[in-house]
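Worksheet: the structure to be examined is printed underneath.
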Amino acid sequence: MRIGAKDKKKLGLYLHIPFCRSKCAYCDFFSFVPSNEELIQRYVDVLVLHMESYRTGTYDYTVDTVFIGGGTPTLLSTEQLMQINRAIYKNFDVDNRVEYTIEANPATIDFESLKKLRRAGVNRLSIGLQSGDNRELLALSRLHNRAAFEQSFRDARRAGISNINVDIMFGIPFQTKDSFMKTLRYVTWLSPEHISVYGLKIEEGTPFAAKRDTLPLPDEDAEYDMYMTAGEFLASRGYEHYEISNFAKRGMRCRHNMKYWNCEEYLGLGASAHSYFNNSRFSFKRDIDAYMNGLEIKNSRIKLTDENVEISPHERVGEYVMLRMRLSDGVDCREFYRKFGLDFDRLYGSKLQQYINPGLVQYVNGVYSFTAKGMFVSNYILSEILDFSQGNTFMG
Ligand code: SF4
């Protein structure tokens, strides 16, 4: 029986490109500097094979968001990106109003390649600026300076990309509130549709972790001040603070990332990519050789996944609370009841109440959500209300 377009389920497609031109000192994403060009081409060929293997399994889905992330996807040649693009359209039913994002680093894109990407369907670009201060960029060991970023931004606009995200960070070496404000003013002057503001975390195993004690980092109070100032300043420039780290102009939330926070289905292909698909969460090997061999060698016994778990109804509830509370939309008790047949107030609301007086949580018209202040400490609060230790996330 043929499935009509309107009966199809929606799916987000994520493709991971694990290559970078050099490794930033703070980064623990699964990415590395490729030893040679052949490795990149081989990976692209394998990613195409991987998409082909999901062709029939996704027959009753329409892909309405595509996100090519990394790593640095724009390290691939335009021809390699086109090869991936052809495979996307060949193997999946792509909605004609798809949100199609590529992550890019300044210094790896130019006007000609952006024009080709735009023609091929890419309609959103996510550019990692991190800071508008060249000294801070150097401290992060970023390869670009502010001028290179601005060139990329303007090239993207000229190429017709009308939806751009800019990533910036706070809590980075040498940063002051003043320099952070300058970055914010600079970015909003360019007027991207979306801005992501991340706090630097020192991750184990990175060069930053090895010299943690000597890094000239702002202290926690300064970080809090920067985060709160970002929220106020960006609101005054017309950006809605819709998720802990994300701000968007009206109607310009990232539709792909909204799927993660709304617990909707997405399929992530590529080494280390994560999926929530067919009621399971799984991730492909965080080891590029195992990943490529597993797909290239027919009938290979190499396990392709690191993790593959079916989500129980109990876990779904906990995940929903954890992810939805990241959004300024929060959890609507009525919607929660419709979805799960459970009383949110009884299960979680009573615990959240204690955070209302200190101004960390608000309860308005049957909806619990974090205030801006609460978003800064949301991980702590969520770990207090969700019981992860019992293998389920209901409160005892
Ligand atoms: S460019 Fe991005 S993914 Fe690559 S090393 Fe730097 S932070 Fe990590």
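Taken together, the values in this text are just the output of simple stated rules run on the coordinates, not laboratory data. If you're wondering where the values come from, they're calculated on a predicted model, not measured in any experiment. Note: ideal-geometry Cβ built from the backbone for every residue, glycine included; neighbour counts use all protein chains shown.
The table that follows gives values for the structure above.
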quantity: Full-extension gain in nm, Tyr89 to Asn279, via 0.36 nm per residue minus C-alpha separation; calculated: 65.9 nm
quantity: Sum of -39500 (n - 2.57) over DSSP H runs of 4+, divided by residues of the chain (222 nm, nearest 500); calculated: -11000 deg cm²/dmol
quantity: Extension gain, Asn36 back to Tyr337 (0.36 nm per residue minus Cα-Cα distance, nm); calculated: 103.0 nm
quantity: Residues Cys263, Cys333 arranged by fewest to most Cβ contacts within 10 Å; calculated: Cys263, Cys333
quantity: Largest-first principal axis extents, alpha carbons of the stretch 334-385, Å; calculated: 30, 23, 15
quantity: Net charge, Asn145 excluded, C-beta distance under 11 Å - Lys, Arg +1, Asp, Glu -1; calculated: 0
quantity: Stretchable slack from Lys9 to Lys23, in nm (0.36 nm times residue separation minus alpha-carbon distance); calculated: 1.2 nm
quantity: Three-way shape call for the stretch 177-220 based on the alpha-carbon gyration tensor, with the a/c threshold at 1.5; calculated: prolate
quantity: ³J(HN,Hα), Karplus 6.51/-1.76/1.60, whole Hz, each residue of the stretch 59-65, x for Gly, Pro; calculated: 4, 8, 10, 10, 7, 10, 9
quantity: Whether the stretch 44-200 is rounded, prolate or oblate, judged on the alpha carbon gyration tensor where a/c under 1.5 counts as rounded; calculated: prolate
quantity: DSSP beta bridge pairing in the chain, given as percent antiparallel to the nearest 5; calculated: 40
quantity: Antiparallel DSSP beta bridges within the stretch 1-125, percent to nearest 5; calculated: 0
quantity: Candidates Met292, Met375, Met228, ranked by Gaussian network fluctuation over the chain, Cα under 10 Å, top entry; calculated: Met228
quantity: Net charge contributed by nearby residues that have their C-beta within less than 13 Å of Tyr266 (K/R +1, D/E -1); calculated: +1
quantity: Cut-off 19 Å, label 7 Å out along Cα→Cβ of Thr176, residues of the stretch 218-235 by amide N; calculated: 218-230
quantity: Most fluctuating residue given options Arg142, Arg42, Arg124, as computed from a GNM of the chain linking Cα atoms under 10 Å; calculated: Arg42
quantity: Mean Cβ count within 10 Å, highest first, over the residues of peptides 336-349, 297-310, 26-39, 60-73; calculated: 60-73, 336-349, 26-39, 297-310
quantity: Computed log₁₀ I(q)/I(0) - Debye formula, equal Cα scatterers, no solvent, the stretch 48-140, q 0.19, 0.23 Å⁻¹; calculated: -0.92, -1.21
quantity: Relative contact order (percent, whole number), the stretch 5-260, Cα cutoff 8 Å, 6+ residue spacing; calculated: 18
quantity: Cα gyration tensor category, rounded, prolate or oblate, for the stretch 220-326 with a/c compared to 1.5; calculated: prolate
quantity: Charge dipole magnitude, Cβ of K and R +1, D and E -1 - the chain, Cα centre, debye nearest 20; calculated: 1200
quantity: Per-peptide average of other Cβ atoms within 10 Å, ordering 164-171, 246-253 highest first; calculated: 164-171, 246-253
quantity: Cα principal axis extents for the chain, largest first, Å; calculated: 58, 57, 40
